[in-house]
Amino acid sequence: MGLFNRTSGTRTATVAAPAVDPSPAALTGTYAIDAAHSTIGFTARHAMVTNVRGAFTDHEGTLVLDGTDPSASSAALDIRMASIDTGNADRDGHLRGADFFDVERFPRMTFRSTSAEALGGADYRLTGDLTIRGVTRPVTIDLEFNGAAKDPFGNERVGFEGRAEILRSDWGLTWNAALETGGVLVSDKIKLSFEISAIRTA
């Protein structure tokens, strides 16, 4: 069944979204990240035995795609750190505080790409500067292009999935607690994940 359907009595008609030219050159343009249909997520190891997942729910960004020369593409992302959500109010409050993100002093995390490359097929790699708590360090994001479509409202969309791994200590996020059984409460390695839907603006 299609994502968008129209029902009349006992009959259901599927409304097909208009097609978008799939050639890379046709996708060249500027796109705004649709925060309502995108997810900026992360995973951390907790107490050495399980994973805690969360996301930042308030963010905005821009993609500039060059379908003819992917190396000329770029991305910019701004994340409001107070929007962190791990599903636990006490934990989120701790993460917003001075032990971790200190959102009163550092309200935003930003990413600005410095290079892009095509790896073949639908795979790409984006390298850029990630700034957290006033510290800027390089990070590499592996991306998969999910395709393009025109939605029923006439918006031309592109979609990407991305992933990266960082060590939070590289950005000065060093708070931890030792476990009686050995190890620490929160892993240094953090897995980042990106589910991006972006709308063409130019």
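The values are calculated or read from the model by the stated rules, or taken from the named source; none is laboratory data. Keep in mind that this is a model prediction, so the values were computed, not measured. Please note: Cβ atoms are built from the backbone with ideal geometry, for glycine as well, and neighbour counts cover all protein chains shown. Side chains included, ligands, DNA and RNA excluded: accessible areas come from the protein's heavy atoms. Shrake-Rupley method; radii C 1.70, N 1.55, O 1.52, S 1.80 Å.
Data overview
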item: Accessible area of the chain belonging to carbon and sulfur atoms, whole % at 1.4 Å probe; result: 52
item: Of Leu126, Leu63, Leu179, the one that fluctuates the most in a GNM where the chain has Cα springs shorter than 10 Å; result: Leu179
item: Among Thr57, Thr131, Thr68, residue whose mean-square fluctuation peaks in a GNM of the chain (springs only between Cα atoms under 10 Å); result: Thr68
item: Cα pair distances of segment 85-202 binned at 10 Å [whole percent]; result: 11, 32, 30, 20, 5, 1
item: Three-way shape call for segment 108-152 based on the alpha-carbon gyration tensor, with the a/c threshold at 1.5; result: oblate
item: All-pairs Cα distance distribution in the chain, expressed in whole percent, bin size 10 Å; result: 8, 31, 29, 19, 10, 3, 0
item: Computed E for Arg108/Thr201 - FRET, C-beta separation, R0 22 angstrom, nearest 0.05; result: 0.55
item: Extension gain (nm, one decimal) between Leu167 and Met48, 0.36 nm per residue minus Cα-Cα; result: 41.3 nm
item: Residues Val64 and Arg133, FRET efficiency given R0 of 35 Å [Cβ-Cβ distance, rounded to 0.05]; result: 0.80
item: Residue-averaged [θ]222 nm for the chain, counting only DSSP H segments that reach four residues, each worth -39500 (n - 2.57); result: -1000 deg cm²/dmol
item: Contour minus Cα-Cα distance for Thr30 and His94 (0.36 nm per residue); result: 19.3 nm
item: Listed residues Asn176, Asn88, Asn155, most fluctuating in the chain (Gaussian network, C-alpha, under 10 Å); result: Asn88
item: Accessible area per residue in Å² at 1.4 Å probe, computed on segment 19-124; result: 52
